[in-house]
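The values are calculated or read from the model by the stated rules, or taken from the named source; none is laboratory data. Quantities reported herein were computed from a predicted structural model and do not represent experimental measurements. Cβ placement follows ideal geometry from the backbone for every residue including glycine, while neighbour counts extend to all protein chains displayed. Each accessible area value is taken on the protein alone, full model and side chains, heavy atoms only, with ligands, DNA and RNA left out. Shrake-Rupley method; radii C 1.70, N 1.55, O 1.52, S 1.80 Å.
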Amino acid sequence: MDKEKSFLYKFASGIDIWLVISLFALVTLGCFAVYSASYNYGISSKYISVQLIAFGLGLILMLLLANFNYQYYKQFDKQIYILSILILVSVLIFGTVVNGAKRWINFGFASFQPVEIAKIMYILVIASFLDKNWKGARRPSTLIVTFIILIGHFVLIMMQPAFSSTLSYFLVTLVLLYAAGAEPFYLLCIAIFGGLSVGIPLSIEFLKLQPFVLESGSVIGFFLNSLQTSTMGILYIAIAAIGLIFFVWWFLWKLRIRISVIYPVLLGCAILFGSLASMSVEKSLKDYQRKRMVVFLYPETDPRGAGYNVIQSKIAVGSGKFLGKGFLKGTQTQLGFLPEQHTDFIFSVIGEEGGWVFSQLAILLYFIFIWRAFIIARDARDRYGSYVAIGIAAMFTFYAVINISMVMGMMPVAGVPLLLISYGGSSMLSSICAVGILISINARKHTYY
């Protein structure tokens, strides 16, 4: 017997078995759900074929990425970021317009959504930057550069537009900044930027459904009316808020309460750029997108319009009870009451036909998958590997929590798929590639090659 174990043996022993088991289980559960969701439309074979082909290609890429030393990504982070920008620009130039948006590149025999792979590349880049600057994680310059890296992807994705795809960027950025030891105030600035860019358009749409607020004659009604009637009103209010912040800072300074000027500057920038971004989001969102993201609070106010999705989804999940109605026997699913049931509302199909048991199984599998990703982050040989694993875990956590919450009516319908389960070759491919990177990190926790 050889005294030294072969690399193949070392690599195989480095694979996290629970991560791989949960991966295969989630994909299997997803294939059954997608088949059932498309059964009565006569396209089950097509959808399953796409899923399996994407899964097969994903496995090949997963093995290649698992055998590739992840530490090289750090050395070529600038090139990876430039490539990700070019990928996002390419869809704006060569993309196919579907429902008024350029999100797909059609190759004739297949279509691909570039933003799916760009998300993984973003994690590799932002993790590299934070690793190289971990000693200065509490410096304002770290937040500024992080914001520049983030805004590069955000702007290009919103030009498609693909609003739901940008949501995960904020969570991943916040989690990685926290992991790097960034000052909590920086996290607050990122959160304010994201909250304003998304919250202002939703507030405007909410006002359209609640006109009595505008007619109340109150000061709040006046400001809210400004938001609804003029996009410049948003900017005026933002400038007023920034002015108030600097006034408070000046007042505290006069009281000899010394607070660095960098704090009001960063907070002001977050408010200003968040307000400007909200204008872009407001223009890019379709009417149905805005409405369905708001009516989750009161879906009954528009039961045949924007609230229809949430109402039918809750009926489907609730009717499944404990054991479900059985495979291919869900009435909401098979009669076509569920919208986008093979993608965004795939969890509703699982809840109706598999009941509480299979719904909890899906949640348990996600928990195991994400838990093992965080374990890989904890045991990673270097800081960079840890950051990348944390970023991937945060991304999967975001998609799982948002999707399951939205089909249960606990969060707005944001068009977020359930990774590894929802139909979609692009998301399947990128998700399995992410697993390959996780395996690469775990396999090299005791070696550099």
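Tell me yes or no: at least one residue of segment 316-337 is of a type outside the set (A, V, I, L, M), open to solvent by 10 Å² or more (accessible area, probe 1.4 Å) and under 30 Å from I437 (Cα atoms). Even if it seems obvious, please write down each step before you answer.
Narrowing segment 316-337 to residues of a type outside the set (A, V, I, L, M): 318-322, 324-327, 329-334, 336-337.
Applying the additional criterion that residues be open to solvent by 10 Å² or more (accessible area, probe 1.4 Å) yields 318-319, 321-322, 324-327, 329, 331-332, 334, 336-337.
Narrowing the set further to residues that are under 30 Å from I437 (Cα atoms) leaves none.
No, that holds for no residue.
Report whether or not F154 is out of contact with any His (no Cβ under 6 Å at 6 or more places or on another chain), touching a residue at least 40 places away in the same chain (Cβ under 8 Å) and either under 27 Å from S278 (Cβ atoms) or not hydrophobic (A, V, I, L, M, F, W, C) (or both). Give the steps one after another, and end with the answer.
Values: out of contact with any His (no Cβ under 6 Å at 6 or more places or on another chain): yes; touching a residue at least 40 places away in the same chain (Cβ under 8 Å): yes; either under 27 Å from S278 (Cβ atoms) or not hydrophobic (A, V, I, L, M, F, W, C) (or both): yes.
It is true that F154 is out of contact with any His (no Cβ under 6 Å at 6 or more places or on another chain), touching a residue at least 40 places away in the same chain (Cβ under 8 Å) and either under 27 Å from S278 (Cβ atoms) or not hydrophobic (A, V, I, L, M, F, W, C) (or both).
Have a look at M428, M410, M406 and point out the one that is touching a residue at least 12 places away in the same chain (Cβ under 8 Å), under 19 Å from Y169 (Cα atoms), out of contact with any helix residue (DSSP H, G or I) (no Cβ under 7 Å at 6 or more places or on another chain) and of a type outside the set (G, A, S).
Values: M428 fails: out of contact with any helix residue (DSSP H, G or I) (no Cβ under 7 Å at 6 or more places or on another chain); M410 fails: under 19 Å from Y169 (Cα atoms).
Result of the check over M428, M410, M406: M406.
Just checking, does segment 228-240 include any residue being at pLDDT 85 or above and open to solvent by less than 60 Å² (accessible area, probe 1.4 Å)? Step through it out loud before you land on a result.
First, the residues of segment 228-240 that are at pLDDT 85 or above: 238-240.
Retained after the next criterion (residues that are open to solvent by less than 60 Å² (accessible area, probe 1.4 Å)): 238.
Within segment 228-240, one or more residues are at pLDDT 85 or above and open to solvent by less than 60 Å² (accessible area, probe 1.4 Å).
Confirm whether R103 is open to solvent by 40 Å² or more (accessible area, probe 1.4 Å), in contact (Cβ under 8 Å) with a residue 24 or more places away in the chain and in a loop (DSSP other than H, G, I, E, B). Give the steps one after another, and end with the answer.
Details: open to solvent by 40 Å² or more (accessible area, probe 1.4 Å): yes; in contact (Cβ under 8 Å) with a residue 24 or more places away in the chain: yes; in a loop (DSSP other than H, G, I, E, B): no.
When the stated conditions are applied, R103 does not pass them.
Scan segment 50-70 for residues that are in contact with a Phe, Trp or Tyr (Cβ under 7 Å, 6 or more places away or on another chain) and buried (at least 18 other Cβ atoms within 10 Å of the Cβ) and report the count.
Total meeting the criteria: 1.
Could you count how many residues in segment 139-149 are open to solvent by less than 10 Å² (accessible area, probe 1.4 Å) and closer than 22 Å to L235 by Cα?
Qualifying residue count for the region: 0.
Look at segment 78-100 and say how many of its residues are touching a Phe, Trp or Tyr at 6+ places or on another chain (Cβ under 7 Å) and either surrounded by 14 or more Cβ atoms within 10 Å (Cβ to Cβ) or in a helix (DSSP H, G or I) (or both).
Step one: of segment 78-100, the residues touching a Phe, Trp or Tyr at 6+ places or on another chain (Cβ under 7 Å) are 80, 84, 95-96, 98.
After this cut, where a residue has to be either surrounded by 14 or more Cβ atoms within 10 Å (Cβ to Cβ) or in a helix (DSSP H, G or I) (or both) as well, the list is 80, 84, 95.
Qualifying residue count, segment 78-100: 3.
For (1) within 23 Å of the chain's Cα centre (by Cα); (2) modelled with pLDDT of 75 or more; (3) assigned to a helix (DSSP H, G or I); (4) among the aromatic types (F, W, Y), each residue gets a yes or a no:
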{"residue": "Y263", "(1), (2), (3), (4)": "no, yes, yes, yes"}
{"residue": "L267", "(1), (2), (3), (4)": "no, yes, yes, no"}
{"residue": "N309", "(1), (2), (3), (4)": "yes, yes, yes, no"}
{"residue": "I315", "(1), (2), (3), (4)": "no, yes, yes, no"}
{"residue": "K325", "(1), (2), (3), (4)": "no, yes, no, no"}
{"residue": "T333", "(1), (2), (3), (4)": "no, yes, yes, no"}
{"residue": "H342", "(1), (2), (3), (4)": "yes, yes, no, no"}
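Could you grab the pairs with beta carbons closer than 7 Å, sequence gap of 6+ or different chains, first residue in segment 178-198 and under 18 Å from V155 (Cβ atoms) and open to solvent by 30 Å² or more (accessible area, probe 1.4 Å), second one part of a helix (DSSP H, G or I) and of a type in the set (S, T, N, Q)?
Listed by first residue and then by second, the contacts come to L196/S275; L196/S278.
Would you mind finding the one in G355, G385 that is more than 19 Å from the chain's Cα centre (by Cα), closer than 23 Å to Y122 by Cβ and assigned to a helix (DSSP H, G or I)? It would help to see each step written out before you state the result.
Numbers: G355 fails: closer than 23 Å to Y122 by Cβ.
Just one listed residue meets the conditions, G385.
For Y9, state whether it is assigned to a helix (DSSP H, G or I), farther than 25 Å from I123 by Cα, at pLDDT below 90 and not basic (K, R). Show your work before the answer.
Numbers: assigned to a helix (DSSP H, G or I): yes; farther than 25 Å from I123 by Cα: yes; at pLDDT below 90: yes; not basic (K, R): yes.
Spelling it out, Y9 is indeed assigned to a helix (DSSP H, G or I), farther than 25 Å from I123 by Cα, at pLDDT below 90 and not basic (K, R).
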